[in-house]
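To keep things clear, I will list the structure first and then write my remarks on it.
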Amino acid sequence: ALVHFERVHVSEASVAVAYRRSSRRPDLSELGPLARELLAVLHLLPEVQRTTLHLAALRAGPALETPAELAERCGAHARAELLRQVHKLLLQVDLGGDPASLARALGNLV
(Lines give C-alpha, C1' and ligand atoms only; values in the text may rest on other atoms or scores of the structure.)
Protein backbone atom coordinates (compact mmCIF):
# COMPACT_ATOMS: atom_id res chain seq x y z
CA ALA A 1 0.00 0.00 0.00
CA LEU A 2 1.24 3.45 -0.87
CA VAL A 3 1.84 5.87 1.99
CA HIS A 4 2.17 9.65 1.72
CA PHE A 5 5.37 10.86 3.39
CA GLU A 6 5.27 14.61 3.92
CA ARG A 7 8.92 14.90 4.83
CA VAL A 8 11.77 12.40 5.22
CA HIS A 9 14.94 13.34 7.08
CA VAL A 10 17.76 10.95 7.96
CA SER A 11 20.39 12.79 9.98
CA GLU A 12 24.02 12.89 8.98
CA ALA A 13 26.20 10.24 10.55
CA SER A 14 29.84 9.59 11.30
CA VAL A 15 31.42 6.15 11.03
CA ALA A 16 34.75 5.38 12.69
CA VAL A 17 36.97 3.07 10.61
CA ALA A 18 40.13 1.15 11.46
CA TYR A 19 41.44 -1.38 8.95
CA ARG A 20 44.60 -3.41 8.43
CA ARG A 21 45.05 -5.54 5.32
CA SER A 22 45.69 -9.20 5.98
CA SER A 23 48.01 -11.35 3.89
CA ARG A 24 45.14 -13.80 3.30
CA ARG A 25 42.08 -12.93 1.26
CA PRO A 26 38.98 -12.78 3.47
CA ASP A 27 36.02 -15.05 2.78
CA LEU A 28 33.48 -12.62 1.34
CA SER A 29 30.77 -15.19 0.61
CA GLU A 30 28.85 -14.49 3.83
CA LEU A 31 28.93 -10.71 3.47
CA GLY A 32 26.35 -8.54 1.78
CA PRO A 33 27.10 -6.69 -1.47
CA LEU A 34 27.92 -3.39 0.25
CA ALA A 35 30.42 -5.00 2.64
CA ARG A 36 32.06 -6.87 -0.26
CA GLU A 37 32.37 -3.67 -2.29
CA LEU A 38 33.80 -1.71 0.64
CA LEU A 39 36.36 -4.42 1.41
CA ALA A 40 37.39 -4.62 -2.24
CA VAL A 41 38.21 -0.90 -2.18
CA LEU A 42 39.79 -0.93 1.28
CA HIS A 43 41.97 -3.90 0.27
CA LEU A 44 43.88 -1.47 -1.96
CA LEU A 45 45.14 0.27 1.19
CA PRO A 46 47.64 -1.36 3.55
CA GLU A 47 46.13 0.27 6.64
CA VAL A 48 43.60 2.83 7.86
CA GLN A 49 43.87 4.01 11.45
CA ARG A 50 41.16 5.90 13.33
CA THR A 51 39.56 7.54 10.32
CA THR A 52 36.08 9.00 10.44
CA LEU A 53 33.80 8.81 7.43
CA HIS A 54 31.08 11.48 7.31
CA LEU A 55 27.78 10.55 5.70
CA ALA A 56 25.58 13.41 4.51
CA ALA A 57 21.96 13.69 5.61
CA LEU A 58 19.09 12.56 3.42
CA ARG A 59 16.26 15.04 3.01
CA ALA A 60 13.29 14.29 0.80
CA GLY A 61 10.13 16.23 0.16
CA PRO A 62 6.64 14.87 -0.20
CA ALA A 63 6.58 11.34 -1.57
CA LEU A 64 4.00 8.69 -2.30
CA GLU A 65 5.63 5.27 -1.94
CA THR A 66 5.53 2.06 0.03
CA PRO A 67 7.49 1.73 3.27
CA ALA A 68 9.72 -0.83 1.51
CA GLU A 69 10.51 1.70 -1.25
CA LEU A 70 11.35 4.33 1.37
CA ALA A 71 13.63 1.86 3.17
CA GLU A 72 15.31 1.04 -0.17
CA ARG A 73 15.85 4.75 -0.86
CA CYS A 74 17.40 5.29 2.59
CA GLY A 75 19.62 2.23 2.13
CA ALA A 76 20.75 3.38 -1.33
CA HIS A 77 21.61 6.80 0.11
CA ALA A 78 23.68 5.26 2.92
CA ARG A 79 25.46 2.96 0.44
CA ALA A 80 26.30 5.84 -1.91
CA GLU A 81 27.57 7.98 0.97
CA LEU A 82 29.77 5.19 2.36
CA LEU A 83 31.27 4.44 -1.05
CA ARG A 84 31.81 8.15 -1.73
CA GLN A 85 33.71 8.55 1.53
CA VAL A 86 35.80 5.39 1.05
CA HIS A 87 36.74 6.43 -2.50
CA LYS A 88 37.60 9.91 -1.21
CA LEU A 89 39.83 8.33 1.45
CA LEU A 90 41.49 6.13 -1.17
CA LEU A 91 42.19 9.10 -3.45
CA GLN A 92 43.59 11.20 -0.60
CA VAL A 93 46.00 8.45 0.40
CA ASP A 94 47.10 7.41 -3.06
CA LEU A 95 47.40 10.80 -4.76
CA GLY A 96 50.26 11.54 -2.40
CA GLY A 97 52.02 8.42 -3.72
CA ASP A 98 51.62 7.04 -7.21
CA PRO A 99 48.46 8.17 -9.08
CA ALA A 100 49.22 5.79 -11.98
CA SER A 101 49.07 2.76 -9.69
CA LEU A 102 45.76 4.01 -8.30
CA ALA A 103 44.32 4.18 -11.83
CA ARG A 104 45.49 0.63 -12.56
CA ALA A 105 44.09 -0.67 -9.26
CA LEU A 106 40.71 0.97 -9.81
CA GLY A 107 40.64 -0.43 -13.34
CA ASN A 108 41.06 -3.92 -11.88
CA LEU A 109 37.94 -3.44 -9.73
CA VAL A 110 35.69 -3.00 -12.76
When you scan the range 18-55, how many residues do you find that are out of contact with any Phe, Trp or Tyr (no Cβ under 9 Å at 6 or more places or on another chain) and in contact (Cβ under 8 Å) with a residue 40 or more places away in the chain? 8
Any residue at all in the range 68-88 that's farther than 23 Å from residue 2 by Cα and touching a His at 6+ places or on another chain (Cβ under 7 Å)? yes
Could you list, in sequence order, all residues of the range 58-68 that are closer than 27 Å to residue 14 by Cβ and open to solvent by 60 Å² or more (accessible area, probe 1.4 Å)? 59, 67
Matching residues, the range 69-85, being within 16 Å of residue 9 (Cα to Cα), open to solvent by less than 30 Å² (accessible area, probe 1.4 Å) and within 12 Å of the chain's Cα centre (by Cα): 81
Please state which of the following conditions residue 2 fails to meet, knowing it meets all the rest: (1) modelled with pLDDT of 75 or more; (2) surrounded by 11 or more Cβ atoms within 10 Å (Cβ to Cβ); (3) not small (Gly, Ala, Ser). (2)
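The values are calculated or read from the model by the stated rules, or taken from the named source; none is laboratory data. For clarity, every value in this text was computed on a predicted model and none was experimentally measured. Positions of Cβ are backbone-derived with ideal geometry, glycine not excepted, and every protein chain shown enters the neighbour counts. We work out accessible area using only protein heavy atoms, side chains counted, and drop any ligands, DNA or RNA first. Shrake-Rupley method; radii C 1.70, N 1.55, O 1.52, S 1.80 Å.
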